[in-house]
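What follows is calculated from the coordinates using simple rules that are stated; it is not laboratory data. Just so it is clear, the structure is predicted and the values come from calculations on it, not from any experiment. Using ideal geometry, Cβ is built from the backbone for each residue, glycine included, and neighbour counts are taken over all protein chains shown.
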Ligand SMILES: [Zn+2]
């Protein structure tokens, strides 16, 4: 009887201790479980948050600085310049001061200049681009594109494309030479084809069209060791043979001189461009690029 009375309080203490341990481990388990739920919630938010997803979908190497993006049913201004210099009454020669003002406007107003590869990815693969995107192109390959336009583009860090007439390269001092082309290619300027002799393509048969499209492409590729995928038709002239020949020769897009914004609905081989005339002040410039 005496022993039994002594043992009972011990049993009670043991039971209480076991209950306490059980409650403590239950609390620890609950708090650990809550932490796991929270961390998995954070992960799932990261995956489904459209902003994060958006950043992943765009090109990971190319961040458009969180600018508002658009998809490929929208139009893009592809600016068309020729010579950058001054000649009274010649609308195709844009004075360098005017050109500089226009480029500064693009830079200061948050425009993104696109390469033609980026424009192609937008039109053909629906890779989003900033809503304020613009493409800068020059036709014919005049030497003043190097002396007057290139320093401005380089200083402002803008991309551009030059469509060159390949028979003039290293043959005519009024036009770009191969060392200028190489230097510019290394500084965000891509060099593309404007045929061998600037012949109006709709005036010659299919075989000759194919020949000039292929030869000009090969020549630029050999000089610059870089693929040429874009063609600009001399004087904006083309016919159905031109479109077939351009595809056959390996071009991915073709440009006309039709004065309008560029839209994939026009067809990738007949894209419009916005003509920039010498007489355009900054107000007209803003209007024609759709600002
Ligand atoms: Zn031309």
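Binning at 5 Å from 0, report for the range 211-291 what percent of all alpha-carbon pair distances ends up in each bin.
P(r) for the range 211-291, in whole percents per bin: 3, 14, 21, 19, 15, 13, 9, 6, 0.
Under the definition of Cα pairs under 8 Å and six or more residues apart, what whole-number percent is the relative contact order of the range 229-291?
The normalised contact order for the range 229-291 reaches 27 percent.
Would you give the gap between the C-alpha center of the range 149-204 and the C-alpha center of the range 222-291, rounded to a whole Å?
15
Normalising by the residue count of the range 71-288, find the relative contact order in percent from Cα pairs under 8 Å and 6+ residues apart.
The normalised contact order for the range 71-288 reaches 23 percent.
Give me 64, 230 ranked fewest to most by other Cβ atoms within 10 Å of their Cβ, as a rough exposure proxy.
64, 230
Mind sorting 221, 87, 118 by how few other Cβ atoms lie within 10 Å of their own Cβ, fewest first?
With the fewest neighbours first, 221, 87, 118 line up as 87, 221, 118.
Considering just Cα atoms, how many Å³ per residue does the convex hull of the range 130-236 enclose?
Considering the Cα atoms of the range 130-236, their hull volume per residue is 113 Å³.
Across every pair of different alpha-carbon atoms, what Kirkwood hydrodynamic radius in Å does the range 200-242 reach?
When all Cα pairs of the range 200-242 are included, the Kirkwood radius is 11.0 Å.
How do 111, 206, 81 rank when sorted from fewest to most other Cβ atoms within 10 Å of their own Cβ?
206, 111, 81
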